[in-house]
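Everything on this sheet refers to the single structure shown next.
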Amino acid sequence: MTAAHPLGSPRPATRSRVAAASWRLGVVLTLAVALGGCRHKHKYAPREVAKVLNVEKASLDKMLSNEEIRTLITAIGTGIAEDFDADKARYHRIIIMTDADVDGAHIRTLLLTFFFRHMKALIERGYIYIAMPPLYRVQKGKAVRYAYDDAERDRHFEELGRKGITLQRYKGLGEMNPDQLWATTMDPQTRTMLRVKLEDLPEAERMFTVLMGDQVEPRRKFIEEYADSVRNLDI
């Protein structure tokens, strides 16, 4: 499963961008799932959900008794299980928008697990996207820039000069004022989004089973093997 965001590359200010880069299941609350409808251009149907059930460990009955899951199914309109019909999707652009920290990554992973296991056709049709809120706001005088990782932050430091810099690290979307959230994450003209793609089905199956399943030992081995490869660890 892949998605897109060329980290550190210049961000065009005049158009929405869907790029390509490798996506791997990340660290384990969503502020919102925004459903941007292709059928209804420039209209949004936001659905705020609490922490989503891990469907990898849940029976269908338990999943359907979860309020957040039922809300998603109703909002998307496809039905579920034997009643699932991708042609009935109300939206062709379903955007997962979470905080840019480990809690947000956890909720994003839980939502992707749900879509992969129960609405895989929406991924295959290219309907699932991930919003990319910034981690940092860098300001010097009237110049304001946003950075999506430490490397981009450091480049802004070098370009603007470190003296007189004001740096703000966003712990969550709620720390942004409405204008900042719109400009960086929601405005179709300036936002960056990842389109989720399914490129290797057997590997995706394995990763969801290992990282989200109920077997502890395979997950422990995975963490031990890849612990040294972690970047941007948020403790």
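The numbers here are math on the coordinates, done by the rules we state, and not lab data. Values in this document were obtained by computation on a predicted structure and should not be read as measured data. When we count neighbours, we look across all protein chains shown, and the Cβ atoms used for this are built from the backbone with ideal geometry, even at glycine.
Overview of values
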| item | result |
| --- | --- |
| Net length gained if the chain between PHE222 and GLU159 were fully extended (0.36 nm per residue, minus Cα distance) | 18.8 nm |
| Cα gyration tensor shape of the range 60-110, rounded if a/c is under 1.5, else prolate or oblate by comparing a/b with b/c | oblate |
| Å³ per residue enclosed by the Cα convex hull of the range 131-224 | 165 Å³ |
| Packing-based ranking, highest mean first, of 159-170, 100-111 given that Cβ atoms within 10 Å are counted | 100-111, 159-170 |
| Ordering of 187-197, 84-94 by packing [mean C-beta count within 10 Å, highest first] | 187-197, 84-94 |
| Three-way shape call for the range 78-235 based on the alpha-carbon gyration tensor, with the a/c threshold at 1.5 | oblate |
| Label zone at ASP61 (point 7 Å along Cα-to-Cβ), backbone N below 19 Å, the range 74-94 | 80-83 |
| Amide H contacts of THR192 (H built 1.01 Å from N, under 5 Å, at least 5 apart or other chain) | MET132 |
| Residue-count net charge about MET119 - beta-carbon cut-off 13 Å; Lys, Arg +1, Asp, Glu -1 | +1 |
